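Reviewing the structure listed below.
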Amino acid sequence: MFQRRTGFLVAGLMTSLALLAACNTTPAPEAEETASAPPQAEEGSDAFAYDSKVKVGRLIAETRCSTCHAIGPTGNSPHQDAKPFRQLSENYPVRNLEEALAEGIVVGHPDMPMFVLSPYEIDALLTYLESIQEPHPA
C-alpha cells in the first residue's frame, strides 16, 4: 500500500512540475544576469530533459532510499551496511540495477525493503545515480 501511495506521490509531483513549467509566463531576465551565473538548460532541450530526470531521480532517492543510504556526493550512509550511492559503480555499472529495480530489488539483509519502480522512475533514479558516481582510480 505504501509503495502504491509513494508511486502516486512521485507521479503527482512530476505532473505538477511539468504543468508549472508549461504555465510559466515570466519573461527571462536579460541584463540582470551575471557572467558567473551557470548556463541554464533551455526548456525542450536534451540538457533540460537530463536535468529534470536527475531532479526526479534525486527525489526518488530522497523519499525511498535516504533512511539507509547516503544519496548525495558526500556523507556517510545512516545504515552501516548500506553503501553510499556515489560508490555503487565501484562494484558494477549502475545501469545493471535496472532489472532488479523493475522486478523488485531484494538484498540479503532484512532492513532493506522490497519495492518496485516504474520504467520512468528507474531511468530517473539511474540517471541520478550515474550523475553522482565518484571517479575510480586508474
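Values computed for the structure shown
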quantity: Segment 51-83, subset farther than 19 Å from E134 by Cα and of a type in the set (S, T, N, Q), residue surrounded by the fewest Cβ atoms within 10 Å (Cβ to Cβ); calculated: Q80
quantity: Residues within segment 100-138 that are assigned to a helix (DSSP H, G or I), at pLDDT 90 or above and either touching a Pro at 6+ places or on another chain (Cβ under 6 Å) or acidic (D, E) (or both), tallied; calculated: 3
quantity: For N96: the one exception among (1) in a helix (DSSP H, G or I); (2) surrounded by 14 or more Cβ atoms within 10 Å (Cβ to Cβ); (3) free of Cβ contacts under 8 Å to residues at least 24 places away in the same chain; calculated: (2)
quantity: First in segment 44-56 and more than 16 Å from S118 (Cα to Cα), second anywhere and exposed (fewer than 13 other Cβ atoms within 10 Å of the Cβ) and modelled with pLDDT under 95, Cβ under 8 Å, 6 or more apart; calculated: F48/E42
quantity: Selected residue (only one of R4, R86 is within 14 Å of the chain's Cα centre (by Cα), basic (K, R) and either part of a helix (DSSP H, G or I) or at pLDDT 95 or above (or both)); calculated: R86
quantity: Any hit, segment 125-135, residues being under 16 Å from the mean Cα position of the chain (by Cα), over 28 Å from A49 (Cα atoms) and of a type outside the set (D, E, K, R); calculated: no
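The values are calculated or read from the model by the stated rules, or taken from the named source; none is laboratory data. A quick note: this is a predicted structure, and the numbers were derived from the prediction, not measured. Positions of Cβ are backbone-derived with ideal geometry, glycine not excepted, and every protein chain shown enters the neighbour counts.
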